1. Go ahead and set up a Gaussian network model of the chain, Cα springs under 10 Å, then flag whichever of Arg271, Arg43, Arg185 fluctuates most.
2. Take the alpha-carbon centre of segment 37-69, take the same for segment 136-158, and report the distance between them in whole Å.
3. Can you work out the Karplus-derived ³J(HN,Hα) for every residue in segment 33-39? Use 6.51 cos²θ - 1.76 cosθ + 1.60 with θ = phi - 60°, whole Hz, and x for glycine or proline.
4. Report, for the chain, the % of DSSP beta bridges that are antiparallel, rounded to 5.
5. Hey, what's the Cα Rg ratio for segment 36-84 versus the globular rule of thumb, 2.2 N^0.38 Å?
6. First measure r as the distance between the Cβ atoms of Ser219 and Glu63, then evaluate 1/(1 + (r/R0)^6) with R0 = 41 Å and state the FRET efficiency to the nearest 0.05.
7. Quick one: if you stick a label point 7 Å off each Cα along the C-beta vector at Asn20 and Ala300, how many nm between them?
8. Quick check on segment 258-312: what does the Kirkwood estimate of hydrodynamic radius come out to from the alpha carbon pairs, in Å?
Amino acid sequence: MTQRTLGLIMNGVSGRMGVNQHLIRSVAAIRAQGGVPMSDGSRVMLDPVLVSRTPEKVKTLAEQHGGLRWTTDLDAEIASPRNHIFFDTATTQMRPTLLEKAINAGKHIYCEKPIATNLAEALKICKLARAKGVRNGTVQDKLFLPGLQKIKLLRDSGFFGRIFAVRGEFGYWVFEGDWGQPAQRPSWNYRTEEGGGIVLDMVCHWRYVLDNLFGAVKSVSCIPATHIPERVDEAGKTYAATADDAAYASFQLEGGVIAHINMSWAVRVYRDDLVTFQVDGTLGSAVAGLTDCMIQPRTATPRPVWNPDQKQTIDFYDSWQKMPDNIVYENGFKAEWEMFIRHVVEDTPFKHTLVEGAKGVQLVECALRSWKERRWVDVPALEI
């Protein structure tokens with residue numbers, strides 16, 4: 001069996017998401033299976049170099065995963081002909097500068113979202129990647145969640161009939177760092193000046209979820225909030241949380257669908273999962289979490305009667321049916337990594353491009369503008 005090797009720069013991979021999803025469950029898993037299978041029967045093995053500003057941490061990480069290459073010298077790795085792909089999962093504020101440097105060096109680009117903190121920088125990177133002819137992509141992992149894969153199956157089968165409403169609930173209580181309980185997220189997540197905020201973090205996700213599953217986003221109305229004004233940082237010091245830790249957004253989609261998503265790092269969970277989506281259509285409804293999906297067709301919908309003077313006798317949960325796990329879904333991050341590698345090597349179609357990432361940043365700006373101007377804001381077609 002023929003095997004080729006691709007050098008891969010993994011910048012910022014020592015963080016929580018970088019380690020768990022991109023290194024352990026994606027790149028390391030791909031290496032363990034013998035590489036990414038190609039259409040001609042060959043395989044492409046990944047040769048990653050882990051990059052971090054903390055040498056002790058990245059060295060230990062590299063050793064834990066079979067003696068991988070590691071460095072603190074990002075510029076040298078970008079310049080090295082051994083490396084073909086630049087992947088970035090470090091801080092958002094630095095991302096456009098690093099992507100620009102890697103693109104100019106001829107590297108193919110794959111990165112976490114958001115691809116920039118503002119649309120102007122995002123468009124600049126998209127145009128440069130197009131001009132230089134490098135393959136490019138951004139992580140859109142939520143599309144690969146088993147729960148949303150089941151929603152897509154229901155949609156494609158015609159189960160819903162005409163979809164008219166989507167409601168999403170995302171989030172959980174992110175501990176502040178006091179009362180002897182360590183903070184769950186880095187302090188920069190709660191500082192606007194460092195690229196933090198739930199709107200910038202999560203609305204990028206909702207853009208591609210809504211666009212791909214329910215209809216292109218045409219307009220938005222959003223109210224962000226900072227419910228917890230003070231948190232405790234990594235050094236145990238109290239700091240002012242200047243970024244939004246919750247947001248409540250409504251979206252008008254192409255085809256008349258109305259979507260509403262609540263997102264919060266200051267909410268206590270009383271639902272089946274950390275994220276749930278309810279989809280309502282003329283012929284049926286579904287509620288999906290990360291993995292499971294419950295359905296109720298029109299023919300099995302109960303007929304309640306409103307009477308506040310009597311205790312409700314209908315068990316509304318009982319009339320829903322759980323979709324079986326007929327399909328085994330692979331880790332979404334790994335699945336998208338393999339798709340991107342095939343795109344780089346074989347030029348197979350890959351729709352999760354930097355342009356799609358720019359659309360997420362565009363919706364972030366429109367959402368923040370709607371809040372500042374206290375009105376609905378239209379989302380125009382993105383021209384690049």
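Where a number appears in this text, it was derived from the coordinates with a stated rule and is not lab data. Because the structure is predicted, anything quoted here is derived from the model rather than measured. No Cβ is skipped: glycine too gets one built from the backbone with ideal geometry, and neighbour counts run over all protein chains shown.
1. Arg271
2. 28 Å
3. Result, rounded to whole Hz: 8, x, x, 8, x, 9, 5.
4. So the antiparallel bridges in the chain amount to around 55 percent.
5. The value comes to 1.38.
6. The pair Ser219/Glu63 has a calculated efficiency of 0.20.
7. The answer from the label model is 3.3 nm.
8. Result for segment 258-312 stands at 13.8 Å.
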